[in-house]
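The values are calculated or read from the model by the stated rules, or taken from the named source; none is laboratory data. Quantities reported herein were computed from a predicted structural model and do not represent experimental measurements. Glycine also receives a Cβ, built like all others from the backbone with ideal geometry; neighbour counts cover every protein chain displayed. When the accessible area is computed, the model is the full protein with side chains, heavy atoms only, and any ligands, DNA or RNA have been set aside. Shrake-Rupley method; radii C 1.70, N 1.55, O 1.52, S 1.80 Å.
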Amino acid sequence: MARSYGPYFDPDYETLSIRINPPRVSVDNASCKDCTLVKVDSINKPGILLEVVQILSDLDLVITKAYISSDGGWFMDVFHVTDQHGNKVTDNNTIGHIEKALGPEGYTSGILKTLPGRKVGENSVGDYTTIELIGRDRPGLLSEISAVLANLHFNVAAAEVWTHNGRIACVLYINDNCSSLDEDEESRLCVMEEQLNNILRGCEDDESGAHATFSVGSTHVDRRLHQMFFADRDYEGGCLEMEIEYPPNSKPDVRIESCVEKGYSVVSVSCKDRAKLMFDIVCTLTDMQYAVFHATISSDGPSASQEYFIRHMDGCTLESEAEKEKVVKCIEAAIRRRISEGFSFELCAKDRVGLLSEVTRVLRENGLSVTRAGVTTIGEKAKNFFYVRDASGNPVEMKTIERLREEIGQTMKLNVKKVPTSAKAPETGGLAKTSFFFGGLLEKFRT
C-alpha cells in the first residue's frame, strides 16, 4: 500500500510575524498628571482589542479615555487608566503584569491564556470543575442551586451570577470536599447535573433554553456570561415579568451610522459610565464577528461616550435595518447585564461547604431575590458579594436589612456597599457606610 503524506505545518509559523515584529508596550506615568498611559503597538490580528481591554479590566483598572487604530495591519492604541480610587497606577507588580501580559511573551503574542477573573485560592483553575447554568430566573433559584451543591458536598470556590430580562446565567467553579473515591465523585457529578437541570426546567416549560453544562479547565467568566446570554437571545426581551425597572439615566443610547467615504459602520454609545463598560461593548462586537478598526472612548464625569468604526469579519458594513437593530439591542443588553441597582453588600467568612447555600437561603426566606452575585476565595477566606431586591423587584426595606443580621449569626462579616436611596435609614443612622457583624453588635470592619 502506498504511503500518503499530508502537508507539513511548522508550529512556529503562526507566531513568526509576532516574533519578527514583537509587540511594544509602555506604561507612562509622566505624560499626564491625572492618569497612567498604557500604549500598545503590535501586529494586528482578530480579537486583539478585546485581549488588551480584557487584561486591563481584569486588573480592575478604570479606562477613562482610549484611542484605537488598527488600519494597515498594525494595531496602535493608547489607554488612559486609573485604579479604582482614581489614582495613577504606581504599583510595580501591576505595571510589571501589564508589560508582560501585553508584551511579546503575553496574551497578544498568540499565547492568550483566558483567566477566570475570580480568585480561587492557592490552586490553579484547572483543579476545579466548571459549571455553566442558564435558564429562567425566579425568586430563590440561586438558593436552590447552591443547596444542591452543598447536599452533594461540593464547595463553590468561585462564581459569578448575572440576571437580565428574566433570565439567569451562572459560571461556578467547584471542587470536591470529600475524601471519597473518584468513582463516587463521578456519580455525584451525574446526580448534580440531573438535579440542576430539573431545577432550571422545573418552574415552566423551559426545555429549550435551560441547561447545566460541565467542563474542566478555565474560561474568562465575564466573557463567557456574555456569550451565554447572547446564545440565549436575552436581548430580545422575551420574558419581562421579572425585569428590573432601570433608572432613566442608566438607559444606554446606541446609534449606528454609515461612514461611506471610509467604508465603516459607526457605532456610537452614550450612557452612564461604570467599570468594565468598554470591555462589555468590545466583547459583544467581537462575539458578533465585527472587527473594530478605530475607536475613541471618553468619560466625562458620570457619563461615557464611545464610538467604534467597525466592519463585519467578511469586510461588509451594516446595511440592513434588521442587522443594525440587532447590534443596537445586543449592545444595550451587554451594558445592562452588569448594571445592578438596589441594596448590595459583601460577606467575608471562612470558606466551607454550604456557605453560599446558607446565605442564599436566608435571603430567600426574607423574600429577597439576587440580581447579581460573585464568589471569591483566597486561601481559607471566602468573600461574596450580592445585589438584591425584594421578590417584586423593588428596593429592599431597611427593616429587612436589620432582620438579616439577626438570622445569619456571628460567623460572618458584612460590609454594606450600597443602600437603596428610597429606603428610610434607621434612627441609629449611618448604615450605608457602616460595616458590621451579622447577628452581633454594630462593629467597624474595613475590607
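Spot the failing condition for residue 360; the list is (1) open to solvent by 20 Å² or more (accessible area, probe 1.4 Å); (2) in contact (Cβ under 8 Å) with a residue 60 or more places away in the chain; (3) on the phi < 0 side of the Ramachandran plot, and only one is missed.
Looking at each condition in turn, residue 360 falls short on (1).
Restricted to the range 74-95, and to residues that are open to solvent by less than 30 Å² (accessible area, probe 1.4 Å) and among the aromatic types (Phe, Trp, Tyr), which residue is nearest to the chain's Cα centre (by Cα)?
Result: 79.
Looking at (1) charged (D, E, K, R); (2) at pLDDT 90 or above; (3) closer than 16 Å to residue 156 by Cβ, can you tell me which one residue 365 breaks?
(3)
Would you say residue 208 is open to solvent by 40 Å² or more (accessible area, probe 1.4 Å), farther than 30 Å from residue 342 by Cβ and at pLDDT below 70? Can you show your working first?
Values: open to solvent by 40 Å² or more (accessible area, probe 1.4 Å): yes; farther than 30 Å from residue 342 by Cβ: yes; at pLDDT below 70: yes.
The answer is yes for residue 208.
Limited to the range 363-399, what total is found for residues that are open to solvent by 10 Å² or more (accessible area, probe 1.4 Å) and not in a strand (DSSP E or B)?
Counting residues in the range 363-399 that are open to solvent by 10 Å² or more (accessible area, probe 1.4 Å) and not in a strand (DSSP E or B) gives 14.
Scan the range 86-105 for residues that are of a type in the set (D, E, K, R), touching a strand residue (DSSP E or B) at 6+ places or on another chain (Cβ under 8 Å) and farther than 20 Å from residue 275 by Cβ and jot them down. Spell out how you get there, then give the answer.
Narrowing the range 86-105 to residues of a type in the set (D, E, K, R): 88, 91, 99-100, 105.
Then keep just the ones that are touching a strand residue (DSSP E or B) at 6+ places or on another chain (Cβ under 8 Å); that gives 88, 99.
The one that is of a type in the set (D, E, K, R), touching a strand residue (DSSP E or B) at 6+ places or on another chain (Cβ under 8 Å) and farther than 20 Å from residue 275 by Cβ: 99.
Considering only residues that are part of a strand (DSSP E or B) and either in contact (Cβ under 8 Å) with a residue 40 or more places away in the chain or more than 15 Å from residue 280 (Cα to Cα) (or both), which ones fall in the range 301-346? Full working, then the answer.
Of the residues in the range 301-346, the ones part of a strand (DSSP E or B) are 303-312, 343-346.
Those that are part of a strand (DSSP E or B) and either in contact (Cβ under 8 Å) with a residue 40 or more places away in the chain or more than 15 Å from residue 280 (Cα to Cα) (or both): 303, 307, 308, 309, 310, 311, 312, 343, 344, 345, 346.
Any residue that is closer than 30 Å to residue 276 by Cβ, modelled with pLDDT of 90 or more and either open to solvent by less than 50 Å² (accessible area, probe 1.4 Å) or assigned to a helix (DSSP H, G or I) (or both) - is there at least one of those in the range 4-24?
Scanning the range 4-24 turns up no residue that is closer than 30 Å to residue 276 by Cβ, modelled with pLDDT of 90 or more and either open to solvent by less than 50 Å² (accessible area, probe 1.4 Å) or assigned to a helix (DSSP H, G or I) (or both).
Out of the range 262-287, which residues are of a type in the set (A, V, I, L, M) and surrounded by 16 or more Cβ atoms within 10 Å (Cβ to Cβ)?
First, pick out the residues of the range 262-287 that are of a type in the set (A, V, I, L, M): 266-267, 269, 275, 277-278, 281-282, 285.
Across the range 262-287, the qualifying residues are 266, 267, 269, 277, 278, 281, 282, 285.
Any residue that is touching a Cys at 6+ places or on another chain (Cβ under 7 Å) and either among the small types (Gly, Ala, Ser) or in a strand (DSSP E or B) (or both) - is there at least one of those in the range 279-300? Spell out the reasoning first.
Initial filter on the range 279-300 (touching a Cys at 6+ places or on another chain (Cβ under 7 Å)): 284, 288.
Those still in the list that are either among the small types (Gly, Ala, Ser) or in a strand (DSSP E or B) (or both) too: none.
No, every residue in the range 279-300 fails to be touching a Cys at 6+ places or on another chain (Cβ under 7 Å) and either among the small types (Gly, Ala, Ser) or in a strand (DSSP E or B) (or both).
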